[in-house]
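A.B. asks: Got a structure for you, written out below as structure tokens; questions coming shortly.
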Amino acid sequence: MRCVNNVKLNRFGRRCPVNEHRMNEMYDVSKIREDFPILQREVYGKPLIYLDNGATTQKPRQVVEAITDEYYSVNANVHRGVHFLSQQATELHEASRETVRRFLNARSANEIVFTRGTTESVNLFVSSFGEEFMQEGDEVILSVMEHHSNIVPWQLLAARKGIALKVIPMNERGELLFDEYEKLFSDRTKVVSVTHVSNVLGTVNPVRRMIAVAHARGVPVLVDGAQSVPHLSVDVQDLDVDFFAFSGHKIYGPTGVGVLYGKEEWLDRLPPYQGGGEMIQSVTFEKTVFNELPYKFEAGTPDYIGTVSLAKAIDYVSAIGMDKVAAYEHELTEYAMRRLKAIEGMRIFGDAEQKSSVISFLVGDIHHFDMGTLLDRLGIAVRTGHHCAQPLMRRLGIEGTVRASFALYNTKEEIDALVAGIERVRKMFYSA
Ligand code: PMP
């Protein structure tokens, strides 16, 4: 955020709504950091600066305590027991579904399917939708910036069914080309499957508009929200999205649990993904009647400890307020972009008008792996490599990047340390 003539302007040069800067003034990051014990630790004798939040976020006490509390005092398998503990565990598990429903503003808790994470959510969708609605020669539209978890499942389906993948290109700033997107539709297009926010470029794709275009042609849309729900407030009804996937561990929750939201009318029409306990109403050797939604898609014992602690994570971010989180992270990203761009030899990949708190870069011809390793020795955790987006790397003409990704607990001082660290590494490579 900049100040011109005492008027605060946001990164688009527009006057910030009063609330936006009031909110940031009220945002107490040091208090938030107290909830994350790991942020107090040292690595190599240096304070940890954790900037790998795109890969996974750290967990607040409230989430970790929910896990131990549940194991210590409520643990019992859900849905099947008549006994007290099983019923209590079931209530907590189902209350968590309601928490997710509220968080996404879904119409019904039946639309919230618990999975192991985004990857499983996408696989579930591709497998069930592809089975029911796609034939040889049909097409899916993806974007060039997809994570492998929204490419490979489609390729597996392509190998089984002979469907074709159509890819939306992007411009140099890392923004999808909307005209090209519209041109990709044909009478064989059966589905669009795109990421909300790129885990490499930070681009926030205009999914609302993209969904409207698809719907005008009668085509449903899956949005990969792995990198959006931790940073933006998402309303599935407002987006009118048909399916939406995310992972608990990227939004301060536990590993091993995630969500597939699906409109009820769509979920009703899809066949189950896996067979087993929980997903049935009755079974004989001749015939199985499937359970109602959402259980039809939840074969086996669910990760009920995970769902309860995921709900705690959602309660945690909701108590701060997703709008405040978004405004704060936006300010951090603005600051980081400005400071990083000033480094000699800096190349940043992804400078979209709508950008989330992910910054990928290379400095001179320093290999991303060398940069990441040397930053690590300074206590700075960043990610290096292709970020599970090799087609995007190919499009950018590189093998990998260094990626810094910020969360609600990061600070400008940490960004200063990152900049100082990069400068130090640069001098090691380039000073005589
Ligand atoms: N999509 C995107 C955009 C991601 O960033 C990630 C994780 N890096 C995934 C999908 C996969 O998430 P998970 O490994 O939690 O299933």
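A.B. asks: Report every pair of residues separated by at least 6 positions or lying on different chains whose Cβ atoms are under 6 Å apart, first residue within segment 38-60 and part of a helix (DSSP H, G or I), second not basic (Lys, Arg).
C.D. replies: Listed pairs, sorted by first residue: ILE38/GLN58.
A.B. asks: Sticking with this structure for a sec: Just to be sure before I move on: is ALA313 among the small types (Gly, Ala, Ser), touching a Lys or Arg at 6+ places or on another chain (Cβ under 9 Å) and surrounded by 20 or more Cβ atoms within 10 Å (Cβ to Cβ) in the structure I sent?
C.D. replies: Yes, satisfied.
A.B. asks: Exactly one of (1) more than 26 Å from the chain's Cα centre (by Cα); (2) of a type in the set (Lys, Arg); (3) closer than 18 Å to ASN105 by Cα is unmet by LYS312. Its number?
C.D. replies: Every condition holds for LYS312 apart from (1).
A.B. asks: Does segment 170-184 hold any residues that are surrounded by 14 or more Cβ atoms within 10 Å (Cβ to Cβ) and touching a residue at least 24 places away in the same chain (Cβ under 8 Å), and which are they?
C.D. replies: MET170, GLY174, GLU175, LEU176, PHE178, TYR181, GLU182, LEU184
A.B. asks: Would you check if there is a residue in segment 199-206 being open to solvent by 20 Å² or more (accessible area, probe 1.4 Å), out of contact with any helix residue (DSSP H, G or I) (no Cβ under 8 Å at 6 or more places or on another chain) and of a type in the set (A, V, I, L, M)? Break it down into steps so the answer makes sense when it comes.
C.D. replies: From segment 199-206, those open to solvent by 20 Å² or more (accessible area, probe 1.4 Å) are 204, 206; that's our starting set.
Imposing the further condition that a residue be out of contact with any helix residue (DSSP H, G or I) (no Cβ under 8 Å at 6 or more places or on another chain) reduces the set to 204.
Okay, now just the ones that are also of a type in the set (A, V, I, L, M), so 204.
Looking through segment 199-206, at least one residue is open to solvent by 20 Å² or more (accessible area, probe 1.4 Å), out of contact with any helix residue (DSSP H, G or I) (no Cβ under 8 Å at 6 or more places or on another chain) and of a type in the set (A, V, I, L, M).
A.B. asks: Take the residues of segment 227-238 that are within 16 Å of the ligand (Cβ to nearest atom) and open to solvent by 10 Å² or more (accessible area, probe 1.4 Å): which is nearest to LYS263 (Cα to Cα)?
C.D. replies: Filtering segment 227-238 down to residues within 16 Å of the ligand (Cβ to nearest atom) leaves 227-232, 234.
Okay, now just the ones that are also open to solvent by 10 Å² or more (accessible area, probe 1.4 Å), so 227, 231-232, 234.
On the way: GLN227: 21, HIS231: 23, LEU232: 21, VAL234: 15 Å.
So the residue we want is VAL234.
A.B. asks: Which residues, counting only those in segment 302-343, are among the acidic types (Asp, Glu) and in a helix (DSSP H, G or I)? Walk me through it before giving the result.
C.D. replies: Narrowing segment 302-343 to residues among the acidic types (Asp, Glu): 303, 315, 323, 329, 331, 334.
Result: ASP315, ASP323, GLU329, GLU331, GLU334.
A.B. asks: Can you tell which of ALA89, ALA76 is away from the ligand (no atom under 16 Å from the Cβ), in a helix (DSSP H, G or I), in the same structural domain as ALA313 (by TED's automatic domain parsing) and at pLDDT 95 or above? First the steps, then the outcome.
C.D. replies: On the way: ALA76 fails: in a helix (DSSP H, G or I).
The conditions single out ALA89.
A.B. asks: Would you pick out the residues in segment 100-120 that are buried (at least 21 other Cβ atoms within 10 Å of the Cβ) and within 18 Å of the chain's Cα centre (by Cα)? Give the derivation first.
C.D. replies: Taking segment 100-120 as the starting set, the residues that turn out to be buried (at least 21 other Cβ atoms within 10 Å of the Cβ) are 100, 103-104, 106, 111-115, 117-120.
VAL100, PHE103, LEU104, ALA106, ILE112, VAL113, PHE114, THR115, GLY117, THR118, THR119, GLU120, listed by residue number.
A.B. asks: Please work out if ARG347 is modelled with pLDDT of 95 or more, more than 14 Å from the ligand (Cβ to nearest atom) and out of contact with any Gly (no Cβ under 9 Å at 6 or more places or on another chain). Spell out how you get there, then give the answer.
C.D. replies: Details: modelled with pLDDT of 95 or more: yes; more than 14 Å from the ligand (Cβ to nearest atom): yes; out of contact with any Gly (no Cβ under 9 Å at 6 or more places or on another chain): no.
No: the conditions fail for ARG347.
A.B. asks: If you take just the strands (runs of 3 or more DSSP E) that sit entirely in segment 241-301, which of them hold at least 1 residues that are buried (at least 16 other Cβ atoms within 10 Å of the Cβ) and out of contact with any Lys or Arg (no Cβ under 7 Å at 6 or more places or on another chain)? Quick ask: steps written out before the conclusion?
C.D. replies: Details: elements: 243-247, 258-262, 280-283, 288-290.
Fully inside segment 241-301 and qualifying: 243-247, 258-262, 280-283.
The values are calculated or read from the model by the stated rules, or taken from the named source; none is laboratory data. These numbers were taken from a predicted model, which means no experiment stands behind them. Methodologically, a virtual Cβ is constructed for each residue, glycine included, from the backbone with ideal geometry; neighbour enumeration extends over all protein chains shown. Remember, those area values only see protein heavy atoms, side chains included, never the ligands or the DNA or RNA. Shrake-Rupley method; radii C 1.70, N 1.55, O 1.52, S 1.80 Å.
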